[in-house]
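Colleague: Input: one structure, supplied below.
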């Protein structure tokens, strides 16, 4: 029952409890209740607005991680992707820059860990140590700073 939005529980909670008590006790009933909770959240206004940044960052992280996973000696496409993503996300939502920077950066160590696990290091004799992925914070922070500055600058002209 706690999976459902608060407003939904206030309106339908008692009826739903009675319905659950009268329903067969099994995994299908539980799965249907979870599916119904997801549908109720999807229909709640404002939920998608809050989830959209996380979904977009996750999608961009997958692309950046894929670029890093397949990068040989040339990491410029990865750095460019981090700069562009940091700029774009921070320009879109400047107040979430503190969240976008580490979220975008995590694509690099995550893809490196996958590379270590699968022993896939294209063009490298020996894989770089994992702590070297910290350098990816530089283009990410640079892009985020540029995005925040680009968003702030027109407001100063007024």
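Colleague: Would you mind pulling out the separation of the Cα centroids of segment 64-107 and segment 23-62, in Å?
Modeller: 26
Colleague: For helix 107-118, what angle does its Cα long axis make with the longest principal axis of the chain, in degrees from 0 to 90 and rounded to 10?
Modeller: It works out to around 90 degrees.
Colleague: A further question on this structure: Quick check for you: which residues of segment 85-112 have the amide N under 15 Å from the point 7 Å beyond the Cα of residue 58 toward its beta carbon?
Modeller: 103-104, 107
Colleague: If packing is taken as the average number of other Cβ atoms within 10 Å across a peptide's residues, how do 55-67, 33-45 rank, most packed first?
Modeller: 55-67, 33-45
Colleague: What's the ranking of 72-85, 134-147, 115-128, 7-20 by average number of surrounding C-beta atoms within 10 Å, highest first?
Modeller: 134-147, 72-85, 7-20, 115-128
Colleague: What label, among [x] 41, 25, 9; [y] 32, 19, 14; [z] 33, 16, 10, belongs to semi-axes √(5λ) of the Cα gyration tensor in Å computed from the structure on display?
Modeller: [x]
Colleague: A further question on this structure: Using only Cα atoms and rounding to the nearest 10 degrees, what angle (0 to 90) does helix 137-157 make with the longest principal axis of the chain?
Modeller: Value to nearest ten degrees: 80.
Colleague: At R0 = 22 Å, how high is the FRET efficiency between residue 98 and residue 131 if r is their beta carbon distance? Nearest 0.05 is fine.
Modeller: 0.50
Colleague: While we're here: Which value in deg cm²/dmol, rounded to the nearest 500, describes the helix-derived mean residue ellipticity at 222 nm for the chain, given -39,500 (n - 2.57) per DSSP H run of n ≥ 4 and division by the residue count?
Modeller: About -24500 deg cm²/dmol.
Colleague: Could you compute the FRET efficiency for residue 76 and residue 50, with r as their C-beta to C-beta distance and R0 at 35 Å, rounded to 0.05?
Modeller: Efficiency, from the Cβ-Cβ distance: 0.55.
Colleague: Quick one: grab the alpha carbon gyration tensor of segment 73-158, order the square roots of its eigenvalues as a ≥ b ≥ c, and give me rounded if a/c is under 1.5, else prolate or oblate depending on whether a/b is larger than b/c.
Modeller: Judged from the Cα gyration tensor, segment 73-158 comes out prolate (a/c at least 1.5, a/b above b/c).
Colleague: Using only Cα atoms, find the angle between the long axis of helix 47-69 and the longest principal axis of the chain, and express it within 0 to 90 degrees, rounded to the nearest 10.
Modeller: Helix 47-69 sits at roughly 40 degrees to that axis.
Colleague: Separate question: Give the calculated FRET efficiency between residue 7 and residue 152 to the nearest 0.05, with a Förster radius of 30 Å applied to their Cβ-Cβ distance.
Modeller: For R0 = 30 Å, the calculated efficiency reads 0.25.
None of the figures in this text is laboratory data; all of them are computed from the coordinates on show. Note that the structure is predicted; figures quoted are calculated from it, not measured. Don't worry about glycine lacking a Cβ; one is built from the backbone with ideal geometry, like all the others, and counts go over all protein chains shown.
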